[in-house]
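Working notes, structure below.
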Amino acid sequence: MTKLLICGSAAAEAVPGVFCTCPLCLKALEEGGKDIRSRTAYQLGESIRIDLGPDLFYHMVKFGLRLDKLRELVITHNHRDHFYPDELANRRQGMSKVPEGAVLRVIGSPIVVEQVKNTTDPEKSLLKFESVEHGSKVMLHGDVELTAFQANHGAPESLFYAFRTKEYSLLIANDTGWFPDQSWDLLKNFAFDAVILDCCYMHWDQRHGHMGGDSFIACLEELRKQGSLKENALLVANHFSHNPNLSHEELCSWLTPRGIEVGFDGMEIEL
Ligand SMILES: [Zn+2]
Ligand SMILES: [Zn+2]
Ligand SMILES: [Zn+2]
């Protein structure tokens, strides 16, 4: 059994946004709980992390993560809520005692790889790289097959990913709007046990860059129609903006009756 941990579940500004006085941010600050959302990232087992944004330290402390055990870092795109390469410079000798031979493989688009190389000396930080593009397949630690898909998002070379082993098949698709045609085609080769999908704007109608609730539901229906979802697949909405001003409870009241779970910081998914 592998565990996927949703480390963060918010868009770029987090909830509460540090300078924001919208009703949701003020409520989150006052009441805490599932309305506190850090920047979206995931950990798959002990060795694979998906995205490294500005909340890595918070995730480590909050969830007691041993980040020295990470072997692969998979980056979706270079927006600042998902990619903060400066933190990797702290792996250098003299700044961290990284166990000998504990090489971290950074997997992402050529732009992402280039940015890490410009931030720190890969050799001194014990980093290796794998450039990927739509259609790339890479074998990860634990016989996990990674597949990259083109996203519909503002940042250049934005990707989303599938993770497949003999036991499970998982899709993590944020940040993206309605998928490009080539991604829909490639997704026909998969039947997912669990899907985590961008639902950034909920009741705001949005189809490009991110998804609102209607396109989120339509996207799941399309996945089901083309055979990319197993019958009892777990469906999770994630990467929520504070801007539509919906609390966790309000998100649940719309999504739960539709058979969809609302992602939150600390949610664990058993695969
Ligand atoms: Zn984002
Ligand atoms: Zn706010
Ligand atoms: Zn983004």
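Pair-distance distribution of the stretch 118-271: all C-alpha pairs, bin width 10 Å, starting at 0; shares per bin in whole percent are 10, 38, 34, 14, 3, 0.
One Cα centroid belongs to the stretch 35-111, the other to the stretch 194-271; the line between them spans 24 Å. All alpha carbon pair distances within the chain were sorted into 5 Å bins beginning at 0; the resulting P(r) in whole percents reads 1, 6, 13, 18, 20, 18, 12, 8, 4, 1, 0. When the chain is treated as a GNM with alpha-carbon contacts under 10 Å, the residue of 113, 98, 61 showing the greatest mean-square fluctuation is 61.
Comparing 240, 160, 179 in a Gaussian network model of the chain, where Cα atoms under 10 Å apart are tied by springs, the biggest mean-square fluctuation is seen for 179. Over every pair of different alpha-carbon atoms in the stretch 1-123, take the mean of 1/r and invert it; report that Kirkwood radius in Å. Answer for the stretch 1-123: a Kirkwood hydrodynamic radius of 15.4 Å. The lysine pair tally for the chain, using Cα distances under 14 Å and a gap of 8 or more places or different chains, is 6. Which residue, 238, 152, 90, has the most motion in a Gaussian network model of the chain that connects Cα atoms within less than 10 Å? Answer for the Gaussian network model of the chain: 90.
The numbers here are math on the coordinates, done by the rules we state, and not lab data. Quick caveat: nothing in here was measured; it's all calculated off a predicted structure.
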